[in-house]
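Enquirer: Have a look at the structure that comes next, please.
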Amino acid sequence: FRYRQILHLALDSSPGTWPDLCQSGKRQSPIDILTDHTLKVDLGSLKFIRYDYAYSGIVTNTGHNVQITLSGIPVYVTGGGLASMFILEQLHFHWDAEHTIDGVRDALELHFVHYDKKYGNLSNASHYQNGICVVAVLFKFADDDNSDLYNILNATESVSQWVGKSSVEMQRKVVPMLLLPKDRTTYYRYDGSLTTPGCQEAVTWFILTEKLPISESQVNILRNVKTNNGTLKHNFRPTQNQHNRIIYHHLL
Ligand code: GRE
Ligand code: ZN
């Protein structure tokens, strides 16, 4: 039942695409973060390298998500107890949010997906325990628009009809740093997985604690995105069992 529910709820209507690992894995994502049960430790700050430059970007309606890829020089994240440099591959949104905090689900979650440089590319890195690092930013409903999302959401509107997977170049360049909260040094960290098939258990997750604002009409642009089977009303995976995993809480 759970299997069917996930298939139906989330992303992909074609049967058989969620491998066994998605059901039987012991470090699956997302999870509910119980803040009273986190372990406060000093893991070091995350270092966002070249996040403050402007990049040309392409927005793609993949049929299960809205994804952004940047072109030009590589962008990295390191620090936070990571053993090496991780290259930014793509950004994408989940609506509503996938990780919940003390049971509360926010409007939106932005995933900055990076792979360990030594593995060469994302799909290769997905075969290693900590080959991937995702920095997640939560967005909470606010009265006003978030103007830092205009560029991305304008492009999203132009690929929101389903004509097969389609892409558009953004009208203005993207500065990834502007999609992060001011406080980039307070985060939760835990070991988890991709939240889409095949749910590879390869991800070091960093959930930044400061949330960014987004208006309801902006979230509605995403809720309006069409796929091969109608409107993609939402694309979050339900929270998974924590299975004795430690969730670290890094505060400066
Ligand atoms: C996703 O498809 O949603 C995804 C990735 C890579 C890492 C995390 C994640 O493609 O949620
Ligand atoms: Zn994701």
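The values are calculated or read from the model by the stated rules, or taken from the named source; none is laboratory data. Just so you know, these numbers come straight off a predicted model, no measurement behind them. With ideal geometry, Cβ positions are generated from the backbone for all residues, glycine too; neighbour counts draw on all protein chains shown. These accessible areas exclude ligands, DNA and RNA; they are computed on the full protein's heavy atoms, side chains included. Shrake-Rupley method; radii C 1.70, N 1.55, O 1.52, S 1.80 Å.
Enquirer: Of the residues T69, T38, only one is closer than 23 Å to N220 by Cα, polar (S, T, N, Q) and either open to solvent by less than 50 Å² (accessible area, probe 1.4 Å) or out of contact with any Ser or Thr (no Cβ under 6 Å at 6 or more places or on another chain) (or both); which?
Expert: Only one candidate passes the filter, namely T69.
Enquirer: Report the residue count in the stretch 97-117 for those that are under 27 Å from V175 (Cβ atoms) and surrounded by fewer than 17 Cβ atoms within 10 Å (Cβ to Cβ).
Expert: Result for the stretch 97-117: 1.
Enquirer: Looking at (1) β-branched (V, I, T); (2) touching a strand residue (DSSP E or B) at 6+ places or on another chain (Cβ under 7 Å); (3) more than 27 Å from P19 (Cβ to Cβ), which one does V175 not meet, given that it meets all the others?
Expert: Unmet for V175, out of (1) β-branched (V, I, T); (2) touching a strand residue (DSSP E or B) at 6+ places or on another chain (Cβ under 7 Å); (3) more than 27 Å from P19 (Cβ to Cβ): (2).
Enquirer: Determine whether A83 is part of a loop (DSSP other than H, G, I, E, B) and surrounded by 17 or more Cβ atoms within 10 Å (Cβ to Cβ).
Expert: Taking the combined requirement at face value, the residue does not satisfy it.
Enquirer: Give the residues of the stretch 206-234 that are closer than 29 Å to Q161 by Cβ, of a type in the set (A, V, I, L, M) and within 16 Å of ligand 1 (Cβ to nearest atom), sorted by residue number.
Expert: Correct list: L222, V225, L232.
Enquirer: Are any residues in the stretch 130-153 open to solvent by 10 Å² or more (accessible area, probe 1.4 Å), away from ligand 1 (no atom under 16 Å from the Cβ) and either within 22 Å of F206 (Cα to Cα) or in a strand (DSSP E or B) (or both), and if so, which ones?
Expert: K140, F141, A142, D148
Enquirer: Looking at (1) out of contact with any Gly (no Cβ under 8 Å at 6 or more places or on another chain); (2) farther than 19 Å from G44 by Cβ; (3) surrounded by 23 or more Cβ atoms within 10 Å (Cβ to Cβ), which one does L122 not meet, given that it meets all the others?
Expert: (3)
Enquirer: For the stretch 86-114, give me each residue that is touching a residue at least 40 places away in the same chain (Cβ under 8 Å), in contact with a helix residue (DSSP H, G or I) (Cβ under 9 Å, 6 or more places away or on another chain), among the aliphatic types (A, V, I, L, M) and within 12 Å of ligand 2 (Cβ to nearest atom).
Expert: Selection gives L91, L108, L110.
Enquirer: On to the next question. Only one residue in T156, T195, T185 is within 13 Å of ligand 2 (Cβ to nearest atom) and either assigned to a loop (DSSP other than H, G, I, E, B) or buried (at least 20 other Cβ atoms within 10 Å of the Cβ) (or both), so which one is that?
Expert: T195
Enquirer: Could you list, ordered by first residue, the pairs with Cβ atoms under 6 Å in which the first is in the stretch 177-205 and under 19 Å from P238 (Cα atoms) and more than 9 Å from ligand 1 (Cβ to nearest atom) and the second is in a helix (DSSP H, G or I) and open to solvent by 40 Å² or more (accessible area, probe 1.4 Å), at least 6 apart or interchain?
Expert: C199/L21
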